[in-house]
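To keep things clear, I will list the structure first and then write my remarks on it.
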Amino acid sequence: MWKSYDDLNVLKGVSFELAQRDVKVIFGPSGSGKSTLLRCINMLEPPDKGEVYLSGQNLMESKANINALRAKIGMVFQHFNLFSHLKAIDNVSIGLRRVKKLPKEEARERALEALQRVRLAEWADHYPAELSGGQQQRVGIARALVMEPDVILFDEPTSALDPELIGEVLQVMLDLAKAGTTMVVVTHELGFARAVSSEMLYLDGGVIVERGTPEHFFTAPKSERVRRFLNQISILYGGHEKLLELSKKEKNE
Amino acid sequence: MPDLFDIFFYIIIHGLFNTLLLTALGLLGGFLLGIILAIMRVYGAKELIWLSSGYEKLLRGIPILILIFIFAFGMPDLFWYLDLLDRPIASVILALALRSGAYQSQIFRGAILSVNPGQMEAARALGMSKVQAFRSIIMPQALRLAVPSWTNEYAVVIKDSSFAYAVGIVEMTKAAYDLGVGFTNLWALSIGAVAILYFLFTYPVARLFGERQTKKLKKLGMGGG
């Protein structure tokens with residue numbers, strides 16, 4: 001698909017497929033179009049050109065029941081986007097009640113189960129403002145999970161979290177991946193990618209520059225841009241030796 | 001010689017009901033109109049935006065008294081289906097509602113826009129239509145955000161209801177006025193009393209609902225885009 005905003009071409013012919021139980025990680029520098037890509041997939045911002053198929057159905061030609069189809073694609077947001085006037089349990093159950101028209105009791109039961117899966121059952125009656133960032137994001141994941149979507153899209157789910165809270169969210173995402181959830185994750189958390197992703201796609205300047213298994217990227221990436229990016233990232237993630245090296249270099253200069 | 005208490009009593013007995021009636025219906029009409037205009041302004045196409053903002057500009061430029069005169073004297077058959085004696089009250093309610101609608105539209109528009117846009121995204125990502133998302137997610141939050149400004153609007157409308165005296169309706173201001181005209185030595189007391197009454201009806205409400213809600217909103221971390 002292709003997508004531009006005014007004169008800016010954000011996506012220039014991006015294409016990939018997703019099978020059930022796949023966990024695909026999209027990574028790359030900011031401004032490369034990663035968030036836009038996700039929003040094109042669930043038609044929140046339809047692409048200008050191209051097709052999006054969900055189980056054989058072309059979303060671009062389904063204007064009539066796009067909402068029902070969108071309910072089959074879950075989304076977890078960087079800034080959580082929880083409904084601040086609703087308690088956690090209601091945040092999770094409202095999709096079931098309004099979209100799937102489930103009765104209140106059943107919706108509440110399923111919501112509680114989803115909250116249990118993300119280990120937040122005791123916080124069901126708390127408002128988002130009373131929860132930590134990590135807890136809010138887990139509620140966001142429960143909210144997406146409870147709708148039993150065909151695929152869940154994650155838009156940099158841990159980027160807005162304090163470091164010590166990232167772990168609990170990644171743990172939940174790991175559990176989901178191991179349980180067979182189909183996921184598309186935009187993230188910088190390459191450790192997560194390495195652990196569970198079936199394929200990684202490097203997006204830069206609106207195109208997929210390189211794609212392959214995690215092993216491919218971490219042993220022999222082909223493109224120079226990818227190598228440079230991975231290098232920069234590795235400083236963040238326990239590249240302790242890297243930092244020391246860099247600071248030694250500066251001292252000598 | 002009637003004392004202050006007698007004067008309060010007189011004004012309340014003769015005027016409070018109509019004051020509250022005018023205020024309640026004026027505010028209600030303004031609420032319905034304001035919400036419609038706000039939705040038109042935030043979600044509507046160019047033409048609706050133009051209509052809505054044009055209406056606001058127009059109504060904000062006309063004094064409430066003139067509006068009342070237009071409907072009560074300028075258009076005497078506007079409420080043709082009503083008894084002649086009921087028409088002035090209807091005219092005042094209409095004038096209050098139209099004017100309040102213009103201001104409430106601003107309040108609700110601001111409140112709707114204050115709700116974090118990510119909320120709409122999340123609601124639609126769940127599969128809600130824009131309408132569902134607005135009703136279940138945006139509106140409830142916008143209404144809560146609007147309460148502090150809204151209590152201010154209530155204070156304005158109840159004070160504006162005093163203009164009804166100009167078309168012969170006996171509400172609190174007219175009651176105080178009649179008292180003064182009938183017993184000129186009681187002017188100061190009756191005007192003072194009615195002023196105190198208006199104050200009693202506005203200040204506690206603003207404190208109770210307006211400030212309490214502002215605190216609650218802060219606790220929930222709502223709004224602020």
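The values are calculated or read from the model by the stated rules, or taken from the named source; none is laboratory data. Small disclaimer: the values here were computed from a predicted structure and weren't measured. With ideal geometry, Cβ positions are generated from the backbone for all residues, glycine too; neighbour counts draw on all protein chains shown.
Of the residues that make up segment B:199-221, is at least one under 30 Å from A:Thr36 (Cβ atoms) and at pLDDT below 90?
Yes: segment B:199-221 contains one or more residues that are under 30 Å from A:Thr36 (Cβ atoms) and at pLDDT below 90.
Among the residues in segment B:182-194, are any at pLDDT below 90 and under 30 Å from A:Met147 (Cα atoms)?
No; the residues of segment B:182-194 include none that is at pLDDT below 90 and under 30 Å from A:Met147 (Cα atoms).
Considering segment B:120-151 alone, what residues qualify as being free of Cβ contacts under 8 Å to residues at least 12 places away in the same chain, facing chain A (nearest Cβ under 8 Å) and either in contact with a Ser or Thr (Cβ under 9 Å, 6 or more places away or on another chain) or β-branched (Val, Ile, Thr) (or both)?
Answer for segment B:120-151, where residues must be free of Cβ contacts under 8 Å to residues at least 12 places away in the same chain, facing chain A (nearest Cβ under 8 Å) and either in contact with a Ser or Thr (Cβ under 9 Å, 6 or more places away or on another chain) or β-branched (Val, Ile, Thr) (or both): just B:Met128.
Conditions (1) crowded, with 17+ Cβ neighbours inside 10 Å; (2) touching a His at 6+ places or on another chain (Cβ under 9 Å), marked per residue:
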| residue | (1), (2) |
| --- | --- |
| A:Leu153 | yes, no |
| A:Gly167 | no, no |
| A:Met183 | yes, no |
| A:Gly191 | no, no |
| A:Glu215 | no, no |
| A:Lys222 | no, yes |
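How many residues are among the β-branched types (Val, Ile, Thr) and over 23 Å from B:Val92 (Cα atoms) if we restrict to segment B:182-195?
1
Among the residues of segment B:188-217, how many are within 14 Å of chain A (Cβ to nearest Cβ) and out of contact with any helix residue (DSSP H, G or I) (no Cβ under 9 Å at 6 or more places or on another chain)?
Residues meeting the conditions: 1.
Considering only residues that are in a loop (DSSP other than H, G, I, E, B) and not hydroxyl-bearing (Ser, Thr, Tyr), which ones fall in segment A:196-234?
A:Gly205, A:Gly206, A:Ala220, A:Pro221, A:Lys222
Report whether or not B:Leu28 is touching a helix residue (DSSP H, G or I) at 6+ places or on another chain (Cβ under 6 Å) and under 23 Å from B:Phe134 (Cα atoms).
Criteria not met by B:Leu28.
Tell me whether segment B:97-119 contains one or more residues that are outside any helix (DSSP H, G or I), more than 14 Å from the chain's Cα centre (by Cα) and more than 14 Å from chain A (Cβ to nearest Cβ).
Among the residues of segment B:97-119, not one is outside any helix (DSSP H, G or I), more than 14 Å from the chain's Cα centre (by Cα) and more than 14 Å from chain A (Cβ to nearest Cβ), which makes the answer no.
Of (1) in contact with an Asp or Glu (Cβ under 6 Å, 6 or more places away or on another chain); (2) surrounded by 17 or more Cβ atoms within 10 Å (Cβ to Cβ), A:Asn58 satisfies all except one. Which?
Status for A:Asn58: all satisfied but (2).
Would you pick out the residues in segment A:84-106 that are of a type in the set (A, V, I, L, M) and touching an Asp or Glu at 6+ places or on another chain (Cβ under 9 Å)?
A:Ala88, A:Ile89, A:Leu96
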